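Coordinate-derived values only; no laboratory data. Small disclaimer: the values here were computed from a predicted structure and weren't measured. Here the Cβ positions follow ideal geometry from the backbone for every residue, glycine too, while neighbour counts run over all protein chains shown.
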Amino acid sequence: MTGIFAGLALIFAAAGGWIVAAGVCLAAVAVLFSAHRPVQRLLSAVVVVAAALSGAVVAEPRPDAAPTSWADGAEAVRGTVASVPVRGGLSQRFVARVTAVETGAGWAPADDLLCVVTRPEPAVGFGDRLWLAGSAERIDDIETRYRPIMRSRGCGASMYARGLAIDERGAGWLRQMAEARDGLSGLLKRLAPGDSGALMSGLVTGDDEALSPAAQDAFIETGTTHITAVSGSNFTTLLVAFVAAGRVTGWRRRVPWLLLVVAFVWAYAAFVGLNPPATRAALVATGALLALLVGRRPEIVTLIVVSSAVMVAVSPPLVWSLSFDNVRPLASVSLRLGRVRCVRRQG
């Protein structure tokens, strides 16, 4: 339980700052004074308070993408692809770091993030330098329901680019991983045309953009869109396969085997883009494997919360993406604790 409370203390303190940290400190003192054996709980209280103080230290205000001043008069922009592009049958979308804007007065320097949707060809990659032509729309002119998505990506404007040219191809391992992922996704879609291949691609790489509108609506209506998102279920499948293989071969608890599994897990996380859900799942898988190494049963709920806390400590802005990344682990904690209480009452 100490790990759960410490992780939650760090996450909430990173969101609420010193006020939350002070509340955690007061709560810890109250628990110590009310405990029958306060000395036994002293270490846990110290860990939780230290986690809360750490969260307050790294706390950052909620990021709010400001509307770009140049969006209304922009005719074209130049910039660099700053996210892994997502491709569908009729379009591709990505975030571009704009470095220059063309208006009626000529080119002017800029430094803003732009959410871009454009035609599927030519296919762009992470790090490509682009020229884009089209009309940009400020975030405060976008429909209200789309603004949270743009804010989460840091975009102050969006653009449907009618014109697209690649000035220079990017480089680096992130681009190579993205190209490999696109290649595998394309292979799966060719092997099983239609929604079957699109679903296979979503399950393996997280790219479900090729699903038909009817299939997408069906997933939304049934609340099962998470099935085609790379998350803990993908990594659980990998771990089950490796554990089964290790049990058959007798290598399940051998250090080289576990290190190989950890390496494969992180390679897969990098392959799918190291997005927050994949990173958290990889951290949880790593913790579970380390628990097996020392002969302990992995406590998945604790690992989920601690992994989320580690991610927030490394990248504090992630705390503001709780609506789609960290609500699920917190909900898991609540459900698990509720079940534990019910079992204890029944006993």
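Details
- When Glu143, Glu102 are arranged by Cβ crowding within 10 Å, least crowded first, meaning fewest neighbours, the order is Glu143, Glu102.
- In the range 62-133, taking the dipole from charged Cβ atoms about the Cα centre, the farthest positive-side position among Val116, Ala71, Ala105 is held by Val116.
- Across the chain, the longest piece that holds none of the trypsin sites (Lys or Arg not before Pro) lying in DSSP loops with up to 13 other C-beta atoms within 10 Å covers 1-161.
- Among beta bridges from DSSP that stay inside the range 71-170, the antiparallel ones total about 85%.
- Measuring between their Cα centroids, the range 152-193 and the range 280-316 lie 30 Å from each other.
- The residues Leu53, Leu191, Leu10, when put in order of fewest to most other Cβ atoms within 10 Å, stand as Leu191, Leu53, Leu10.
- Taking the longest Cα principal axis of the chain as reference, the axis of helix 213-222 is set at about 20 degrees.
- The angle separating the long axis of helix 255-271 from the principal Cα axis of greatest extent in the chain is about 30 degrees.
- Placing unit charges on the Cβ atoms only, positive for Lys and Arg and negative for Asp and Glu, gives the range 71-170 a dipole magnitude near 420 debye about its Cα centre.
- Computed [θ] at 222 nm, deg cm²/dmol, the chain (DSSP H ≥ 4; -39,500 (n - 2.57); rounded to nearest 500): -18000 deg cm²/dmol
- To the nearest ten degrees, helix 38-58 and the longest principal axis of the Cα atoms of the chain are 10 degrees apart.
- Ordering Asp128, Asp140 from the fewest to the most neighbouring beta carbons within 10 Å gives Asp140, Asp128.
- The dipole here belongs to the range 44-120: it is taken about the Cα centre, uses +1 on the Cβ of Lys and Arg and -1 on the Cβ of Asp and Glu, and is about 380 debye.
- Placed amide H near Ala110: partners under 5 Å, 5+ positions off or other chain: Ala100, Val101
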